[in-house]
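Report on the structure given below.
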Amino acid sequence: MEPFYRGRRLRKNAAIRSMIRETRLSSEDFVLPIFVVEGENIKEEIPSLPGIYHYSVDRLDEIASQMEQTGVPACILFGIPDHKDSCGTAASDPEGVVQQAMRRLRQLSPDLYIIGDVCMCEYTDHGHCGILNARGEVLNDATLPHLAAIALSYAEAGADMVAPSDMMDGHIAALRRTLDDAGFENVAIMGYSAKYASAYYGPFREAAHSAPAFGDRKSYQMDPANGREALREMQADLDEGADILMVKPALAYLDVLKEGSTQFNLPFAAYNVSGEYAMLKLAVEKGLMNESVIPETLTAIKRAGAKLIITYFALEAAEKLKKGEW
Ligand code: PBG
Ligand code: ZN
């Protein structure tokens, strides 16, 4: 029997494959996560994230010039403070590591798009993403003013966008109101709308010293079993004024990304998280998989609906794309 449909005709050679390719990665898709630590002259590889470093503010010139050279337009900053307390006060300190890093990066690369991750877990001594009551429960409404203060301090330090990753209800509205009242109506908000309680964050928590001291994050981050609930979260963020919606992690949640980006008419981001990075990095390093698994994976995230891809591969991927190797 001769087949009627021959899909192979359009796979015959590189020219036609390229002409009909639906999804193309570009350095402009990427947002690079940067970890900033206190101290001086520090550039230290993070053991759980090979190829990714802790930087002190005075060493950020290196990474800023790498971003410029490779054409990565944006970064998202995470701070690792020396001082932690129950309310995470260091997070909104105008002289905090992230705020200093924002001012430094703005000086180094005026056109760099700077995003600040708004959360408390790196700054609280208990490692949870909000304020606790006596029973150790994370209080939603009491946490909101703290998050708003962090976002405001980022805006004052020159952030273009703030991205609350705490999963408190009503946080987008709280941040929007605070930013607008202070005259920062052009600072954008990216909601970590569908952020799941995921084991894929393991390497990040080691890198950011942000593992909860007790319990887990299941009372605020989403149940991995739920897709429909993610759409409800996205709707809430949209209604509260988010400019971009995010799905996190990316790979095990591509269905959520696809569904959300089909239903909602605003740009979507996907966070290709630390565990996803570490898995591929180690597998390639050990020779278990060819390096092309990296562009394959990033392309899949874009195909599923992400306009922005937050990824630890950003610099490496942008470099390869620039050289035409991917
Ligand atoms: C903080 C935060 C986390 C990540 C981004 N912001 C960790 C967490 O929720 O425990 C994870 C990023 C990654 O794994 O790469 N709330
Ligand atoms: Zn957190």
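The values are calculated or read from the model by the stated rules, or taken from the named source; none is laboratory data. Quantities reported herein were computed from a predicted structural model and do not represent experimental measurements. Neighbour counts are summed over all protein chains in view; Cβ atoms, including those assigned to glycine, are modelled from backbone coordinates with ideal geometry.
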- Query: Among the residues of the range 184-193, is any in contact with a strand residue (DSSP E or B) (Cβ under 7 Å, 6 or more places away or on another chain), under 13 Å from CYS119 (Cα atoms), in a helix (DSSP H, G or I) and within 15 Å of ligand 2 (Cβ to nearest atom)?
  - Reply: no
- Task: Output the residues belonging to the range 131-160 that are part of a loop (DSSP other than H, G, I, E, B) and more than 19 Å from the chain's Cα centre (by Cα).
- Result: ASN133, ALA134, ARG135, GLY136, GLU137, ALA157
- Query: Is one or more of the residues making up the range 189-210 away from ligand 1 (no atom under 16 Å from the Cβ) and buried (at least 22 other Cβ atoms within 10 Å of the Cβ)?
  - Reply: no
- Quick check, is LYS286 out of contact with any Gly (no Cβ under 8 Å at 6 or more places or on another chain), within 12 Å of PHE30 (Cβ to Cβ), loosely packed, with under 15 Cβ neighbours inside 10 Å and modelled with pLDDT of 95 or more? no
- In the range 201-229, the residues that are over 27 Å from GLU38 (Cβ atoms), not in a loop (DSSP other than H, G, I, E, B) and not aliphatic (A, V, I, L, M): ARG228, GLU229
- Selection count where residues are touching a residue at least 40 places away in the same chain (Cβ under 8 Å) and either in a loop (DSSP other than H, G, I, E, B) or more than 16 Å from ligand 1 (Cβ to nearest atom) (or both), scope the range 258-282: 7
- Item | Sole residue being in a helix (DSSP H, G or I), touching a Ser or Thr at 6+ places or on another chain (Cβ under 9 Å) and away from ligand 2 (no atom under 16 Å from the Cβ), chosen from GLN107, GLN99 | GLN99
- Message: Just to check your reading of the model, which residue among ALA306, ALA236 is of a type outside the set (Asp, Glu), within 15 Å of SER26 (Cβ to Cβ) and out of contact with any Ser or Thr (no Cβ under 6 Å at 6 or more places or on another chain)?
- Response: ALA306
- Task: Select, from THR143, THR89, the only residue that is touching a residue at least 12 places away in the same chain (Cβ under 8 Å), of a type in the set (Val, Ile, Thr), surrounded by fewer than 23 Cβ atoms within 10 Å (Cβ to Cβ) and within 16 Å of ligand 2 (Cβ to nearest atom).
- Result: THR89
- Among the residues of the range 148-170, is any within 15 Å of ligand 1 (Cβ to nearest atom), touching a residue at least 24 places away in the same chain (Cβ under 8 Å), in contact with a His (Cβ under 7 Å, 6 or more places away or on another chain) and not polar (S, T, N, Q)? yes
- Message: Against the definition (among the small types (Gly, Ala, Ser) and buried (at least 18 other Cβ atoms within 10 Å of the Cβ)), how does ALA213 come out, yes or no?
- Response: no
- Within the range 24-53, how many residues turn out to be part of a strand (DSSP E or B), surrounded by fewer than 20 Cβ atoms within 10 Å (Cβ to Cβ) and not aliphatic (A, V, I, L, M)? 6
- Query: Considering the range 90-134 alone, what residues qualify as being within 15 Å of ALA208 (Cα to Cα) and either of a type in the set (Ser, Thr, Tyr) or touching a Lys or Arg at 6+ places or on another chain (Cβ under 9 Å) (or both)?
  - Reply: ALA90, CYS121, GLU122, TYR123, THR124, ASP125, HIS126, GLY127, HIS128, CYS129
- Message: Just checking, does the range 296-311 include any residue being part of a loop (DSSP other than H, G, I, E, B), over 16 Å from PRO73 (Cβ atoms) and either out of contact with any strand residue (DSSP E or B) (no Cβ under 7 Å at 6 or more places or on another chain) or among the β-branched types (Val, Ile, Thr) (or both)?
- Response: yes
